[in-house]
Amino acid sequence: MRRAAVLAVLLVLALLVWWPLWFILMGVFLPADELNLLLGPIFDAAAERYAAWTLLPSWPTLQPLAELLLDTPEFFIVFWNSCALAFPQVLGQFLVGAPAAWAFARLRFPGRRALFALYVVLMLLPFQVTMVPSYLVLDALGLMDTRWAVILPGVFSTYPVFIMARGFEAIPASVVEAAELDGAGQWEIFLRLGLPMGLPSIISALVLGFLDAWGAVEQPMTFLETPALWPLTLYLPEVVEENLGVSMAAGFLALMPALLIFLFGQRYLEQGILQGAVKE
């Protein structure tokens, strides 16, 4: 009886989590008149009725999706902008963060603990705290209103280093010592042992980094002034008032890359958490 109650509670929570996805998915297939009828009161302050929703459309249609893909070329521009901002950040986090995490986890050098503590402090600081220093540095370098203004701060983010370091620390010391006895250098150990054995934590960090970069709003809004460089997160609010159906379709397609990346990396996320929780 107790188990059935727990399962019922978990089912309700799962439905609450999946409801926004179902909301967006059904919005893609709703006809324009039905969508305006259901959500119209949200945009009309003088409306005397409340907004409503339906579990299934009365007459499914692909018109919003077709209109977005065939008649809205600016959507492809901002979609590419999001890709051009997110994927270089993830690649840079791997190229910069993985060696740094290995150094923190496996090397012993003066000031290591203090430097890693500084990394943790920087990881805890919200963007609002670092916004002004980042703006001044990027402006001095002449990178404002370019993609690099968003990419470079993301590349040197401290959070992926923290996640990867926890994974590298979980590698048995006996394995590293055996490689050192065989004459392997630190770079060779890192490339041949560290990367394969720390893969769950690396993918965990990169998945979280991609989700953060793909959904970023404040960084592009602060550092990008030219609308032609805006990502999806800044474009979506612009289409809401124009066409609800197109807005729903754009939100659904914008969600797909993040959802697919998360589903692909979910197993590695779980392994990375377990790997970081158990140390030799």
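The values are calculated or read from the model by the stated rules, or taken from the named source; none is laboratory data. A quick note: this is a predicted structure, and the numbers were derived from the prediction, not measured. Heads up, the Cβs are rebuilt from the backbone with ideal geometry, glycines too, and the neighbour counts pull from every protein chain shown. Calculation scope for accessible area: heavy atoms of the full protein, side chains included, ligands and nucleic acids excluded. Shrake-Rupley method; radii C 1.70, N 1.55, O 1.52, S 1.80 Å.
Below is a table of values for the structure above.
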read-out	value
Among the candidates PHE116, PHE75, PHE94, PHE127, residue that is of a type in the set (A, V, I, L, M, F, W, C) and over 14 Å from THR158 (Cα atoms)	PHE75
Qualifying residue in the range 253-266 (condition: open to solvent by less than 40 Å² (accessible area, probe 1.4 Å), within 18 Å of MET164 (Cβ to Cβ) and modelled with pLDDT of 90 or more)	no
Condition met for ARG166 (touching a residue at least 12 places away in the same chain (Cβ under 8 Å), open to solvent by 70 Å² or more (accessible area, probe 1.4 Å) and over 28 Å from the mean Cα position of the chain (by Cα))	no
Index of the failed condition, ILE202 passing every other in (1) under 17 Å from the mean Cα position of the chain (by Cα); (2) farther than 27 Å from TYR268 by Cα	(2)
Residue within the range 3-25 that is modelled with pLDDT of 75 or more, closer than 15 Å to ASN243 by Cα and of a type in the set (A, V, I, L, M, F, W, C) present	yes
Given (1) over 26 Å from the mean Cα position of the chain (by Cα); (2) without any contact (Cβ under 8 Å) to a residue 24 or more places away in the chain, number of the condition MET221 does not satisfy	(1)
Single match in LEU68, LEU21, LEU55 (criterion: touching a residue at least 24 places away in the same chain (Cβ under 8 Å), surrounded by fewer than 15 Cβ atoms within 10 Å (Cβ to Cβ) and not in a loop (DSSP other than H, G, I, E, B))	LEU21
Qualifying positions in the range 180-222 - at pLDDT below 85 and open to solvent by less than 50 Å² (accessible area, probe 1.4 Å)	ALA184, GLY185
In the range 39-51, residue modelled with the highest pLDDT [restricted to those that are exposed (fewer than 10 other Cβ atoms within 10 Å of the Cβ) and in contact with a helix residue (DSSP H, G or I) (Cβ under 7 Å, 6 or more places away or on another chain)]	TYR50
Residue tally, condition open to solvent by less than 60 Å² (accessible area, probe 1.4 Å) and closer than 19 Å to PRO231 by Cβ, over the range 132-151	9
Which listed residue, of ALA86, ALA101, is crowded, with 19+ Cβ neighbours inside 10 Å, aliphatic (A, V, I, L, M) and within 23 Å of ALA149 (Cα to Cα)	ALA86
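Residue-by-condition table, conditions (1) modelled with pLDDT of 85 or more; (2) of a type outside the set (A, V, I, L, M, F, W, C); (3) touching a Lys or Arg at 6+ places or on another chain (Cβ under 9 Å):
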{"position": "THR54", "(1), (2), (3)": "no, yes, no"}
{"position": "PRO60", "(1), (2), (3)": "no, yes, no"}
{"position": "PHE75", "(1), (2), (3)": "yes, no, no"}
{"position": "ALA84", "(1), (2), (3)": "yes, no, yes"}
